[in-house]
Amino acid sequence: MILFLEILAFSLTALCVYHSLKYRGKEFTLLFFITGFVLGIVRENIVSQITDLYSYNPSAFTLWIGSAPLLLGVFWSYTIYFSLSLSEYLFDGSLIEGKRISAVILSTMAFMAAYACLNESFASIYRMVIWRFVPDISLWGGTPLLVPFGYAGMALIFLLFIWIISRSALSTSLKLPLMIASVILMVPLHLAWIGIVRLMLKIFMRQ
Amino acid sequence: MFPSITMDNLNEVIMFIDKAKEQIPLIVLSIFILVTVIIEFFVFKRIDLLPANIPILLLVLLYVVVYLYRRTRGHTR
């Protein structure tokens, strides 16, 4: 069953790449999906090896890169991609053109948070994630309340970097390495975001 | 007796596929939701997890309503 889910995720990511190539162009697609892959693998390796947040169950995934399941290389890309696409339609906006960008990003964050509830409760069935802390407030499937905020924060950080770099006057051959290199900023920024949310939840909800 | 295939039929099919291609993000999200609900409900009988799907279902519903509203009003993107 897990292998089926992994194959499904890769196949549906291929559909998203096709859609992006057709409607957004080659440059955006390269920036978005290659950086998304690097971000997923680097971030999940750092989180599972260094932080006290969570690690992945070794028996729950088939293919790995270090401590990160290969699936995580496409996970952030396709979730942010469909959230962004639906949000752009809803608000008649465009990330790259900078049209109604605040509404588009906020809506993408809402989609990501909502998808987090579905995805993490589903992951709990297969015990894909091993939580290393005990939350006071949990959602469905024992998912800490922190998690939907974490998904939303990832969308915010990733889309801001995509927006800044894709609007720069650099050539594609320079934008891509710059975008990939920016992962070393995105990961600590996201961990800082999670730290702040965790602190706020502790203060306001005693988590 | 099979219905005959005409150029009009073929054009309608091609137009439908083109419209479907525009909606790939919605199709991808819908497949993930569907697979999740089927596995949770039919395979593992975890009814307690089903409410976790409500937030994303509401957002998808909002998207579909806006899409249908714009189509009936003749808005195109």
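FYI, it's all coordinate maths here, none of it is from the lab. Given the structure is predicted, the values throughout are model-derived calculations rather than measurements. Methodologically, a virtual Cβ is constructed for each residue, glycine included, from the backbone with ideal geometry; neighbour enumeration extends over all protein chains shown.
General remarks:
- Between the residues B:Val43, B:Tyr63, B:Gln23, the greatest Cα displacement towards the positive end of the dipole of chain B, with unit charges on the Cβ of Lys, Arg, Asp and Glu, is found for B:Tyr63.
- Whether chain B is rounded, prolate or oblate, judged on the alpha carbon gyration tensor where a/c under 1.5 counts as rounded: oblate
- Residues whose amide H falls under 5 Å from that of A:Val129, counting only those 5 or more places apart or on a different chain, are A:Asn57, with hydrogens built in the peptide plane.
- Per-selection Kirkwood Rh - segment A:48-157 (Cα, Å, 1 d.p.): 15.0
- Which of B:Thr36, A:Thr62, A:Thr35 has the fewest Cβ neighbours within 10 Å, and the rest in rising order: A:Thr62, B:Thr36, A:Thr35
- Partner shielding of A:21-33 amounts to 1, given as the average count of beta-carbon atoms from other chains within 10 Å of each residue beta-carbon.
- Mean separation of Cα contacts under 8 Å (6+ apart) over length of segment A:27-111, as relative contact order %: 24
- Residue mean of other protein chain beta carbons inside 10 Å, A:2-12: 2
- For residues of B:28-34, the mean tally of beta carbons on other chains within 10 Å: 6
- If only the Cβ of Lys and Arg carry +1 and only the Cβ of Asp and Glu carry -1, the dipole of segment A:40-154 around its Cα centre is close to 120 debye.
- Prolate/oblate/rounded call for chain A, Cα gyration tensor, a/c under 1.5 rounded: prolate
- Computed over segment A:77-207: relative contact order in percent, which uses C-alpha pairs under 8 Å that are six or more apart: 23
- Proxy reagent accessibility, fewest Cβ within 10 Å first, across A:Ser168, A:Ser121, A:Ser55, A:Ser173: A:Ser173, A:Ser168, A:Ser55, A:Ser121
- Cα pair distances of segment A:99-148 binned at 5 Å [whole percent]: 5, 20, 25, 19, 12, 9, 7, 3, 1
- Taking A:Val47, A:Val17 and counting other C-beta atoms within 10 Å, the order from fewest to most: A:Val17, A:Val47
- Euclidean distance of C-alpha centroids, segment A:175-207 and segment B:38-77, integer Å: 29
- Between the amide H of A:Lys99 and those of A:Ser94, distances stay under 5 Å, these residues lying 5 or more places away or on another chain, with hydrogens modeled in the peptide plane.
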